[in-house]
Amino acid sequence: MLQGRLVKAKGGFYFVRSPLGEVITCRARGKFKDIDVSLMVGDIVEADPIKRVIEKVYSRKNFLLRPSVANVDQAVIFMAAAKPDMDLVLLDRILISAEAAMLHIVICFNKIDLFETMNKDKKVKIEEVKKTLEGCGYSVIFTSAVTGEGLDEFYIKLKDKVSVFTGPSGVGKSTFINKLKPGLELASAPVSIKTERGKHTTRHVELIKFDGDTFLVDTPGFQRLDLKGFSSQELSSFFPEILTYRDSCRFKSCLHSAEPQCAVKEAVQKGEMALWRYNHYLTFLKEVQQMEKIY
Ligand SMILES: Nc1nc2c(ncn2[C@@H]2O[C@H](COP(=O)(O)OP(=O)(O)O)[C@@H](O)[C@H]2O)c(=O)[nH]1
Ligand SMILES: [Mg+2]
Ligand SMILES: [Zn+2]
């Protein structure tokens, strides 16, 4: 029996890499119909190297549903400084799902070379956003696959970890990995001029050995992410800055929206918590409450 990691799943085939680096193509066992559905890239599996079937899946340390990946150490969230424009609502949604999976988080604002042609307000805004996110405890790096800015700083964050690259499509995830390690030649495509959105060129989730103990998972991007499965009570746990204030709220079950004597709202009024983060929290709270009504 061969123990290895599932590095890619495509058309009913599962690619399993042994610790020695050999990759074998397998099917999932019939009796594992359920597992068949839920096998995830990153899974540690046992495969029969002769019959070429996956026999066993080990329990996961953690997993993300979007993108679907298991047993990773950190999420690297890519956003473009421009083209496509920063989508902070989507960023906060991705942050919540990464927090819920208890992943370490690195945020990359890529295409920072486009700063040159950006107006001053945009530059000020992105610097402020960076400060706010750093205040939440996240590492934030400005990068450019064109000029190479941030490359070294970024590599230090990746070293000896399994990192899943996530974010909208067209922000440069694949290009950036290619730049870090020429020769990998991952599929990437120009952002369509009409919509300024990326085309979905990376079609599969794929775990790539970068070097030594450093692994990357390239994933297709997405433009939307819902918060299915989150409850209104737990939502605030995934905002690090809310966590620091919420114990001082008058009510233990405070949802930090309409309640009086809410320490979180006071923090927003004093400018201690960023208004955009708080507003996103309120938007998500409504969304989650709406789903709670339905189910
Ligand atoms: N100006 C600029 N363009 C970039 C940068 N990184 C990627 N791109 C371009 O953005 C487009 C989308 O890149 P791709 O890697 O496919 O994005 P992905 O969908 O996130 O994997 C391609 O045309 C890249 O050449 C960057 O740092 N600066
Ligand atoms: Mg890609
Ligand atoms: Zn409160």
> Taking the range 214-254, which residues are of a type in the set (Asp, Glu) and within 10 Å of ligand 3 (Cβ to nearest atom)?
Replying inline: 247
> Do we have residue 99 as of a type in the set (Asp, Glu) and touching a Pro at 6+ places or on another chain (Cβ under 9 Å) here?
Replying inline: yes
> Does residue 239 satisfy the condition of being surrounded by 13 or more Cβ atoms within 10 Å (Cβ to Cβ), closer than 28 Å to residue 39 by Cα and touching a residue at least 40 places away in the same chain (Cβ under 8 Å)?
Replying inline: no
> Any residue at all in the range 60-82 that is within 9 Å of the chain's Cα centre (by Cα), more than 17 Å from residue 138 (Cβ to Cβ) and of a type in the set (Lys, Arg)?
Replying inline: yes
>> Could you list, ordered by first residue, the pairs with Cβ atoms under 8 Å in which the first is in the range 262-275 and not assigned by TED's automatic domain parsing to the domain that holds residue 133 and the second is among the polar types (S, T, N, Q) and within 11 Å of ligand 3 (Cβ to nearest atom), at least 6 apart or interchain?
In response: 263/248; 264/236
>> If a residue must be more than 16 Å from ligand 1 (Cβ to nearest atom), modelled with pLDDT under 95 and on the phi > 0 side of the Ramachandran plot, how many such residues does the range 121-162 contain?
In response: 0
>> Out of everything in the range 181-217 that is of a type in the set (A, V, I, L, M) and either surrounded by fewer than 17 Cβ atoms within 10 Å (Cβ to Cβ) or more than 20 Å from residue 77 (Cβ to Cβ) (or both), what residue ends up being modelled with the lowest pLDDT?
In response: 193
> Which one of these does residue 82 not meet: (1) at pLDDT below 95; (2) small (Gly, Ala, Ser); (3) in contact with a Ser or Thr (Cβ under 7 Å, 6 or more places away or on another chain)?
Replying inline: (3)
> Residues in the range 260-295 that are of a type in the set (Lys, Arg), buried (at least 19 other Cβ atoms within 10 Å of the Cβ) and either within 27 Å of the chain's Cα centre (by Cα) or within 16 Å of ligand 2 (Cβ to nearest atom) (or both): how many?
Replying inline: 1
> Restricted to the range 233-254, and to residues that are in contact with a Cys (Cβ under 7 Å, 6 or more places away or on another chain) and assigned to a helix (DSSP H, G or I), which residue is nearest to residue 102 (Cα to Cα)?
Replying inline: 240
> Of all strands (runs of 3 or more DSSP E) completely enclosed by the range 36-147, which ones contain at least 3 residues that are of a type outside the set (A, V, I, L, M) and either touching a residue at least 24 places away in the same chain (Cβ under 8 Å) or surrounded by 15 or more Cβ atoms within 10 Å (Cβ to Cβ) (or both)?
Replying inline: 104-110
> From the list 85, 92, 73, which one is under 24 Å from residue 228 (Cβ atoms) and of a type outside the set (A, V, I, L, M, F, W, C)?
Replying inline: 92
> Which one of the conditions (1) more than 27 Å from residue 10 (Cβ to Cβ); (2) at pLDDT below 95 does residue 48 fail to meet, given that it meets all the rest?
Replying inline: (1)
> Which one of these does residue 257 not meet: (1) of a type outside the set (Val, Ile, Thr); (2) in a helix (DSSP H, G or I); (3) surrounded by fewer than 19 Cβ atoms within 10 Å (Cβ to Cβ); (4) near ligand 3 (Cβ under 10 Å from one of its atoms)?
Replying inline: (2)
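The values are calculated or read from the model by the stated rules, or taken from the named source; none is laboratory data. Computed from a predicted model, the values in this text were never measured in an experiment. For neighbour counting, all protein chains shown are included, and Cβ atoms are generated from backbone atoms with ideal geometry for every residue, glycine included.
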